[in-house]
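Working notes for the structure below.
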Amino acid sequence: MQILSIHLKNIKSHRDTELSFSPGINVLSGPNGVGKSTIFEAIGYAMFGVDAQSFVGNVERFISIGSKRGEIAVVFEVADAEHFRVSRTVGTPSKWLLAKEIGGAFEVEEHKDSKETEARLKELLGLNSGRSLAEQFELVIGPFQHEFLGPFVIKQPTKRRDKFDEILGIDTWRKTFNETKVLTSAIKAKVDSLDSAIGPLQDQVAELSAKKDEHKTAKKDLEQAKNELAAQQKKLKELESLLLAVDKRAKDLKGIETEVEALRERITNGNEMIGKQKLLVGEAEKAHKIIEETTPGKKAYEQAETRLSELREQVKVQRQLEQEVAEHKTRVGRLGERFKVESLSIENTRKELVAEEKALTESRKALSLDNEQKALADRLPEIRVNLEGVRKHLGQLEGRRAGLQEGSEKLAEGICPFFQEPCLNIAERPPGDLFSAKFSELDQERQRLQNDVQKLEQEEKSASQASDQVKAVAVKLEGLDAQMKSLAERRKANEFKDEGLAELQRKQSAVQQQLDEKQKVLETYSRLQADIEKAEKEKSQHQEDRDRFVANQQQAAELDQRRTDLEKFKKHLKQLQDNLVGKEEALNKVGKEYDAAEHEKLRQQKNDTWGEVSALGQKVKGLTTDVSRLFSEVEKLKQIEKDIADKKEQIKGYKEKDELVKFLRNRVFRNVSGYLSERFREEISQRANRIYRIIAEVDEELSWGENYQIVLRDMVDGELRERADDQLSGGQTMSAVVALRLAMLQTIGARIAFFDEPTSNLDVTRRENLAHAFRAIDVGKEEVTEHWYDQLFLISHDVAFTEITDQVLTLE
């Protein structure tokens, strides 16, 4: 198994870090605080499922400051060269996913929960020891050095033994022995409890026979009571039938008496209503007479009111005209003032435009250029073309001269460079004579061209200056043209404004004409107030007749309806009187058929029979309850009888379990932890001793003694010496701890391991020896141990480790 890479995003100091690892030893180096230990924590969190609180106490401190979520992804390879990626997020909610590489891409495996994900990782990592991955990482594979050193310095032997039993995974047997100690007491207490419970139950079961007899007698009494109840219920039903018919006759009699009383009361009320209605008719006839008398005055009042309403509408029109006349006067004044102001503004603008036009004309005259400068500026493109041609010709001339120079050097010996034989072209004349004339011609031509270039450059400079001056003047002239154009637009706008004055005069005349017309119309309303006073006087004269008409109008209108209602009341009263006679005859007839004494007698008989039925019903109910209760008590006693048998059977089973527990505790659990501890210590001591000798380079034997005590043995003056605990130096203790941990990792079958500053408390020699011991394990030297791991991860500032591996990861 091999970890290939890790990617951390927003994990403590790592905002976005990705590292790749190689087989064998990987050393993480760098200054304090850059996050070396965080790499180990991240692998433990993502790959082994360690809780983040085990590293930082608070999960939020495992995430980078300012971030809400973090994520860790580890890619690893298993024995059959398959690649997997395990990723786990930090924050809520947390996700733990395992993906397999298929066709160059990782596909997430479907797991129902984190337990299934952990089981799959155990299978891939080969760590199916029955313990969680988190425990294996924290105890052996990846504990920080001070955490692994801690158990070795525990003074109490029992606590030290319990801690290392936990690390080696053999503490279960001792825990089982201690925890099963209470089982025998619990079993005995259970048996005693069952025995004490059986005694009272047997006393209760002794009453079972008497309860059965009592239940039989109660059932017989219940049957007899039910028969008596049925006879009385039949008698009660017959009495109820007779009483129902008599009750109907009594009810009919009572109903007729009620109807007779109601009719008599309605007749009395009818007489009263007829009297009141006659009074209403008289009042309506009087009101009708008043209406006839006041109708002319009411009509005159309405005519005066209509005339007054019309005059008030004319007042509104008069006020509207007065308001319009005032507005027109205001408009005439404003238009006159506006005409005066705009005339003055137009005249001032004309004077300003003339002055500005004169100034622009003088500026244009001052910007005129002579023809010589214009001609020179126009020749600038021609001069530049000629200059470029001369420079090009000069460059070609330089190339020809360089070619001749190269040919002169190659033909200096008279040998053809292509055929490597004497050149026939120069056989009669030396090479120097052949090239001298050509060099002279080229030099003369080059001098002439250089003179031409200087002359043209001077002309270009003068023409460029003239062109710049022409352009500057052109820019200024464009500005003057723009100003002249603006001046023309302003003049045009001023003339348009002047034309608008005539329109303003016409508008003023139109408003004055409208004002004169409205004043003429307003004069026609001069007698309006006198007409209003006349109409109000006429209205006041007829006010009384109109008020009397309105006060009596409603009653007069109801005269016909009141007369009709009076006739209807009289007719309805006659009908009620006829109905009363018929009901009184029916009352006399029903009264002869009904006997109140007989009716009361039947009621008494019914009540007596009902009492007997109720008493029998209560008796039957009580007997039914007794029968049910006795049946339940009999069944309960039967169940108790069965419970006694079950408890006796349980006592027998508990006694058998007690024998089994005593056998397991005394023969198995008591001794297994000790046997396994001795076996592990013996195997680990052998491997650790070889590693320790390489690290310490002394003739000492390392042994892991009883209760996991570090023991060093050597010979002093021919005698065996043993040292342990406080007798060892810090360097000896640390060397022994590292050796024991390496041996322990090999023993439990771990293929990877993590060491945080393993050289703490070691001198220079021991640090170098420790590094060489790691290297020896890496290459599998037989004098140390076989190559048992795939990868080791070290955090160290020690240069000794950089010499044993090429994979040094320096974190900045």
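The values are calculated or read from the model by the stated rules, or taken from the named source; none is laboratory data. Source: prediction; values computed, not measured. All Cβ positions, even for glycine, are placed from backbone atoms using ideal geometry, and neighbour counts span all protein chains on display. Areas reflect the complete protein model, heavy atoms only, side chains present, ligands, DNA and RNA absent. Shrake-Rupley method; radii C 1.70, N 1.55, O 1.52, S 1.80 Å.
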- [ ] Any chance you could look up the accessible area of Asp595 with a 1.4 Å probe, heavy atoms only, rounded to 10 Å²?
- [x] 90 Å²
Task: Amide H contacts under 5 Å for Phe21, placed H, 5+ residues apart - done: Ser5
- [ ] Excluding residues fewer than 8 places away in the same chain, name every one of the lysines whose C-alpha is closer than 16 Å to that of Lys657.
- [x] Lys181, Lys188, Lys190, Lys647, Lys648
Open item on the list: For Lys476, give me every one of the lysines with a C-alpha distance below 26 angstrom, ignoring sequence neighbours fewer than eight places off in its own chain.
Closed with: Lys351, Lys358, Lys365, Lys374, Lys461, Lys485, Lys492
Task: Residue-level accessible surface for Arg364, protein heavy atoms, 1.4 Å, Å² - done: 100 Å²
TODO: With a ≥ b ≥ c taken as the square roots of the eigenvalues of the C-alpha gyration tensor of region 117-263, please select rounded if a/c is under 1.5 and otherwise prolate if a/b is larger than b/c or oblate if it is not?
DONE: prolate
TODO: Heavy atoms only, probe 1.4 angstrom, no DNA, RNA or ligands counted: give me Asp608, Asp726 ranked by accessible area, highest first.
DONE: Asp726, Asp608
- [ ] Using the charge dipole of region 126-257 (Lys, Arg: +1 at Cβ; Asp, Glu: -1 at Cβ; taken about the Cα centre), state which of Gly130, Pro157, Val140 has its Cα farthest towards the positive end.
- [x] Gly130
- [ ] Would you mind working out the magnitude of the charge dipole of region 98-213 relative to its Cα centre, with +1 at each Lys and Arg C-beta and -1 at each Asp and Glu C-beta, to the nearest 20 Debye?
- [x] 620 debye
Open item on the list: How would region 191-308 be classified by its alpha-carbon gyration tensor: rounded, prolate or oblate, with rounded meaning a/c under 1.5 and the a/b versus b/c comparison settling the rest?
Closed with: oblate
TODO: For the chain, build the convex hull from the C-alpha positions and give me its volume per residue in Å³.
DONE: 640 Å³
- [ ] Please list, or write none, the lysines whose alpha carbon is within less than 19 Å of the alpha carbon of Lys159, excluding same-chain residues fewer than 8 places away.
- [x] Lys175
Open item on the list: As I understand it, the dipole of the chain uses +1 on the Cβ of Lys and Arg and -1 on the Cβ of Asp and Glu, about the Cα centre. Which of Ile684, Tyr301, Gly270 lies farthest toward its positive end?
Closed with: Gly270
- [ ] Taking all pairs of distinct Cα atoms, average 1/r, flip it, and tell me the Kirkwood hydrodynamic radius of region 339-386 in Å to one decimal place.
- [x] 14.6 Å
- [ ] Keeping all protein chains in position, work out how much accessible area Met484 exposes to a 1.4 Å probe, and write it in Å² to the nearest 10.
- [x] 60 Å²
Open item on the list: Could you work out [θ]222 nm for the chain from helices alone, using -39500 (n - 2.57) per DSSP H run of at least four and dividing by all its residues? Round to the nearest 500 deg cm²/dmol.
Closed with: -25500 deg cm²/dmol
- [ ] May I ask you to give the solvent-accessible area per residue for the chain, in square angstrom, as obtained with a 1.4 angstrom probe?
- [x] 62 Å²
- [ ] For region 244-315 and region 489-535, compute the distance between their C-alpha centroids and round to whole Å.
- [x] 67 Å
Open item on the list: So for each of 159-169, 106-116 I average, over its residues, the number of other beta carbons within 10 Å; can you give me the resulting order with the highest mean first?
Closed with: 159-169, 106-116
Task: Selection of GluC sites (Glu not before Pro), region 659-765, meeting DSSP coil and at most 16 other Cβ within 10 Å - done: Glu697
TODO: Assign one of three labels to region 517-665, namely rounded, prolate or oblate, based on the Cα gyration tensor with a ≥ b ≥ c the square roots of its eigenvalues; rounded applies when a/c is under 1.5, prolate when it is not and a/b is larger than b/c, and oblate otherwise.
DONE: oblate
- [ ] Just report the Cα centroid separation between region 174-225 and region 573-650, whole Å.
- [x] 44 Å
Task: Sequence of Ser193, Ser37 when ordered by accessible area, the most exposed leading, probe 1.4 angstrom - done: Ser193, Ser37
TODO: Provide Lys583, Lys211, Lys216, Lys655 ordered by accessible surface of protein heavy atoms (probe 1.4 Å), highest first.
DONE: Lys216, Lys655, Lys583, Lys211
TODO: Using Cα centres only, tell me the gap between region 341-379 and region 679-707 in whole Å.
DONE: 112 Å
Open item on the list: Among Leu664, Ala250, Val716, whose Cα projects farthest towards the positive end of the dipole of the chain, with charges put on the beta-carbon of Lys, Arg (+1) and Asp, Glu (-1)?
Closed with: Ala250
- [ ] Just the number, please: carbon plus sulfur as a percent of the accessible area of the chain, 1.4 Å probe, no ligands or DNA/RNA counted.
- [x] 49 percent
- [ ] Using R₀ = 41 Å, calculate the FRET efficiency as 1/(1 + (r/R₀)^6) where r is the Cβ-Cβ separation of Asn451 and Ala474; round to 0.05.
- [x] 0.75
Open item on the list: Relative contact order for the chain: what percent, with Cα pairs under 8 Å and sequence separation of 6 or more?
Closed with: 25 percent
TODO: Rounding to the nearest 20 debye, state how big the charge dipole of the chain is about its Cα centre with +1 on each Lys and Arg Cβ and -1 on each Asp and Glu Cβ.
DONE: 4000 debye
